[in-house]
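The values are calculated or read from the model by the stated rules, or taken from the named source; none is laboratory data. Given the structure is predicted, the values throughout are model-derived calculations rather than measurements. Backbone-built Cβ (ideal geometry, glycine too); neighbour counts: all protein chains shown.
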Amino acid sequence: MPQNIRIMLVEDNPEYREVINLAIEDEPDLELISRYGTAEVALRDLRNTSRRQVPDLILLDLRLPGMGGLESMPHFRSSLPDAKIVILTQSDNETDVLRAISQGANGYLLKSATVTKITEGIRTVMAGGAPLDAGIARFIMNTLKAHLPKDQMENVLTRRELEILALLGEGLLKKEIAKRLYVSTTTVATHVAHIYRKLNVQNAPAAVTKAFHMGILPAKEGKSKAH
């Protein structure tokens, strides 16, 4: 029998923590093993893993008292190098999105998403995908188009490859992308292989992060609202 996906939630709003708790309780393959109101306490408790199960995935808010989500990400990465991190926040601030992606977030979902979308996002990440809120995915795609001239952009990825990368970021499977674009699954698989080869990566989150570092996804000027 497959092992449940073990989840840590770092969220300072107790009412929303309970919403997520109830949503996960209804999913037989998901298990919320720990809930925290601050990143500092979560990181402190991780130092004693003998008393606690190690999570497979962290649901991390950005607007936290004390150490913010973006600030805490490198610490969680250091403590739990194998764990996935999904940002779950109210913030659709462009700087927050790009900073989270550049720091290796495996997904970025808004709290306005349905609990079904959130639980599906968890499974998508564990299966190697990269769920993004639909609005966030559109922003990333628009950023790709706005900041790189067509001829220069297509020296890196073709427009079709950029489109498929954005859809992978939304968490769509190859067969779902094929249906969306009215092409065969084999065609999509070929494009995905080309994307990974061109960017020298193994999965969609790494592809988005690599695109950021190559300047295809430049962060805009301005301070993040995260603490």
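Just a few scattered comments:
- Evaluated against (1) within 15 Å of LEU98 (Cα to Cα); (2) at pLDDT 80 or above, LEU144 falls short on exactly one condition, (2).
- Positions within segment 88-119 being part of a helix (DSSP H, G or I) and within 16 Å of ASN21 (Cα to Cα), in sequence order: VAL115, THR116, LYS117, ILE118, THR119
- Pairs with Cβ under 8 Å, 6+ apart, first in segment 171-187 and in contact (Cβ under 8 Å) with a residue 60 or more places away in the chain, second in a loop (DSSP other than H, G, I, E, B) and of a type outside the set (A, V, I, L, M, F, W, C): GLY171/GLY129; GLY171/PRO131
- Residue within segment 4-21 that is crowded, with 16+ Cβ neighbours inside 10 Å, part of a strand (DSSP E or B), in the same structural domain as GLY104 (by TED's automatic domain parsing) and touching a Gly at 6+ places or on another chain (Cβ under 7 Å) present: no
- Test: residue in segment 51-60 that is without any contact (Cβ under 8 Å) to a residue 60 or more places away in the chain, surrounded by 17 or more Cβ atoms within 10 Å (Cβ to Cβ) and assigned to a loop (DSSP other than H, G, I, E, B): yes
- Any hit, segment 186-207, residues being at pLDDT below 60 and surrounded by 19 or more Cβ atoms within 10 Å (Cβ to Cβ): no
- All positions within segment 110-136 that are in contact with a Ser or Thr (Cβ under 8 Å, 6 or more places away or on another chain) and at pLDDT 80 or above: LEU110, LYS111
- Residue match in segment 28-44 (condition: within 13 Å of the chain's Cα centre (by Cα), buried (at least 16 other Cβ atoms within 10 Å of the Cβ) and without any contact (Cβ under 8 Å) to a residue 60 or more places away in the chain): no
- For segment 26-40, the count of residues that are part of a loop (DSSP other than H, G, I, E, B), in contact with an Asp or Glu (Cβ under 9 Å, 6 or more places away or on another chain) and either among the charged types (D, E, K, R) or under 29 Å from ILE164 (Cα atoms) (or both) is zero.
- Consider segment 45-63 and keep the residues that are of a type outside the set (A, V, I, L, M) and more than 20 Å from the chain's Cα centre (by Cα). The one that is modelled with the lowest pLDDT is ARG51.
- Inter-residue pairs, beta-carbon under 7 Å, first part of a helix (DSSP H, G or I) and in segment 190-206, second β-branched (Val, Ile, Thr), 6+ apart: HIS191/ILE164; VAL192/ILE164; ILE195/ILE164; LYS198/VAL156
- Annotation note: of ARG77, ARG63, the sole residue that is in contact with a Lys or Arg (Cβ under 8 Å, 6 or more places away or on another chain) and either within 19 Å of THR89 (Cα to Cα) or assigned to a loop (DSSP other than H, G, I, E, B) (or both) is ARG63.
- Scanning segment 12-28 for residues being among the charged types (D, E, K, R) and out of contact with any Ser or Thr (no Cβ under 9 Å at 6 or more places or on another chain) gives a total of 4.
- Residue in segment 99-111 that is of a type outside the set (S, T, N, Q), surrounded by fewer than 17 Cβ atoms within 10 Å (Cβ to Cβ) and within 13 Å of the chain's Cα centre (by Cα) present: yes
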